[in-house]
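The values are calculated or read from the model by the stated rules, or taken from the named source; none is laboratory data. Predicted model only: the values in this text are computed from it and were never measured. Neighbour counts are summed over all protein chains in view; Cβ atoms, including those assigned to glycine, are modelled from backbone coordinates with ideal geometry. All accessible areas refer to the heavy atoms of the entire protein, side chains included, with ligands and DNA or RNA removed. Shrake-Rupley method; radii C 1.70, N 1.55, O 1.52, S 1.80 Å.
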Amino acid sequence: MNKRLFFISPPVNPHLVKGCDMESPRSVNSPRRTLSLSGQRRATVSFFDPDDKTSGFGLSGDHGPKPSEVYGFVGSITTVVATVMFLVWAYIPESWLQSVGISYYPSRYWALAVPTYVMVTIVLMLGFYIGLNFISTPSPASLNTVFDEFSRDPSSLERSLTDEKPIEPISDIGIDRINDIMFNNAT
């Protein structure tokens, strides 16, 4: 039995359609194949063919799940299955596994060794990262913490007397001026 769905679209208001000449037949892409906006017909009938692969429930052939969504779904399912298999292997007694027919599996030693190795590796990586930061940071007494190759001294900038500039150019404030403002004006 071949079933077809019939949809009748409402009449098109010519005042709402901008730039369309209602006397000449025009067509607009629609999820329901093609919608006709001709002046002769007020209502348009659209047919859905269930055997038609290109238009299923108003979606064209280029719609569908993105590859990243598929990979994420498959990855989440794989993670859940692997976790359940690991917990079964690690916690169910060997006699139960052999009664089900599972006779070959890795040693139970690895159920403790692999997570321990992973945690120790992560802790060592964090310690190594913090140590690299301490090595690459200059000491607090170093002038490299105050000045670098991008420092701009206000006295080195050119100031022309002919141009009245309401805002001075961007420059760094010297450490002597900051110390003077912070410590000498504190009283």
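Annotations
- Rolling a 1.4 Å probe over the protein chains gives ARG177 an accessible area of about 150 Å².
- Taking all protein chains as shown and a probe of 1.4 angstrom, TYR117 keeps an accessible surface of around 130 Å².
- Remark: the range 87-99, residue by residue, has Karplus-estimated 3J(HN,Hα) of 5, 5, 5, 7, 10, 7, x, 4, 5, 5, 5, 6, 5 Hz, where x stands for each Gly or Pro and the curve is 6.51 cos²θ - 1.76 cosθ + 1.60 at θ = phi - 60°.
- Estimated FRET transfer efficiency when R0 is 25 angstrom, pair ALA90-ILE130 (beta carbons, to 0.05): 0.15
- In this structure PHE86 has an accessible area near 70 Å², from a 1.4 Å probe over the protein heavy atoms.
- Between THR137 and VAL114, the distance separating the two model label sites (each 7 Å from Cα on the Cα→Cβ line) works out to 3.8 nm.
- Modelled this way, with points 7 Å down the Cα-to-C-beta line, the labels at SER76 and SER151 are 5.3 nm from one another.
- Given their separation in residues at 0.36 nm each and the Cα-Cα distance between them, VAL123 and ILE181 gain 16.4 nm when the chain is fully extended.
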